[in-house]
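K.L.:
Before I ask anything, here is the structure I am working with.
Derivation of every value follows stated rules applied to the coordinates shown; laboratory data play no part. Quantities reported herein were computed from a predicted structural model and do not represent experimental measurements. Reconstructed Cβ throughout: ideal geometry from the backbone, glycine too, with neighbour counts over all protein chains shown.
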Amino acid sequence: MAVGRPWISQPEVFRKAIAVSVEARLVELGITLPQPPPPGGVYTPVVVVDRMAYVSGQVPYGPDGKLVTGRVGSELTEEQGAAAARVVALTMLATIKASLGSLDRVRRIVKVLGMVNSTADFQRHPAVMNGFSNTMVEIFGDAGKAARSAVGMGSLPYNVPVEVEAILELND
């Protein structure tokens, strides 16, 4: 229990500390977010309903603004797929920040759906998606650890290796 505030548990104090310092955490980690990509169709990148934000599928735009491409299991290794998933995480954070004004509005990552463009015999989709999940935990702490699905796809738009969508809980 927190001293002086017995009704606040230590995990809650930690969660609140992370929630109000995400922008500072990026600086501390030396992470610079890319420019958020323009929508690739007729949709909204982030929709907010009450205290939940629904983030449309994000794909890996590298620091040069170009898409990372390739199929995991043939053109890309598992490790390269995981690196692409990390790029998706940073792209998604840039999109969230542009839509919400600040990443400090994010209380926690609730649910993630990761789609991996892979060969039919590739089976380590969760290992590829760890590139995304590890990045979120690195930045948000335990609040970045979400419920997650990682599935293989026969193809993804523009031959990207990974596409990820997410559901977030927002601070009051």
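K.L.:
Just to check your reading of the model, which residue among 151, 110, 160 is in contact with a strand residue (DSSP E or B) (Cβ under 8 Å, 6 or more places away or on another chain) and surrounded by 20 or more Cβ atoms within 10 Å (Cβ to Cβ)?
P.N.:
Within the list 151, 110, 160, the selection yields 160.
K.L.:
Still on this structure, I have one more. Quickly run through region 96-137 and pick out the residues that are of a type in the set (Val, Ile, Thr), assigned to a strand (DSSP E or B) and under 16 Å from residue 54 (Cβ atoms).
P.N.:
Residues satisfying the conditions are 106, 109, 110, 112.
K.L.:
Further, regarding this structure: Tell me which residues, restricted to region 23-76, are in contact with a Leu (Cβ under 7 Å, 6 or more places away or on another chain) and over 22 Å from residue 136 (Cβ atoms).
P.N.:
70
K.L.:
Which one of the conditions (1) closer than 22 Å to residue 154 by Cα; (2) touching a helix residue (DSSP H, G or I) at 6+ places or on another chain (Cβ under 9 Å) does residue 113 fail to meet, given that it meets all the rest?
P.N.:
Among (1) closer than 22 Å to residue 154 by Cα; (2) touching a helix residue (DSSP H, G or I) at 6+ places or on another chain (Cβ under 9 Å), the lone unmet condition for residue 113 is (2).
K.L.:
Now, a different point. Give the residue, chosen from 126, 161, that is out of contact with any helix residue (DSSP H, G or I) (no Cβ under 8 Å at 6 or more places or on another chain) and either among the charged types (D, E, K, R) or within 14 Å of residue 83 (Cα to Cα) (or both).
P.N.:
Numbers: 161 fails: out of contact with any helix residue (DSSP H, G or I) (no Cβ under 8 Å at 6 or more places or on another chain).
Only one candidate passes the filter, namely 126.
K.L.:
Give 77, 44 a once-over and let me know the one that is without any contact (Cβ under 8 Å) to a residue 12 or more places away in the chain and either within 21 Å of residue 149 (Cβ to Cβ) or of a type in the set (Ser, Thr, Tyr) (or both).
P.N.:
77
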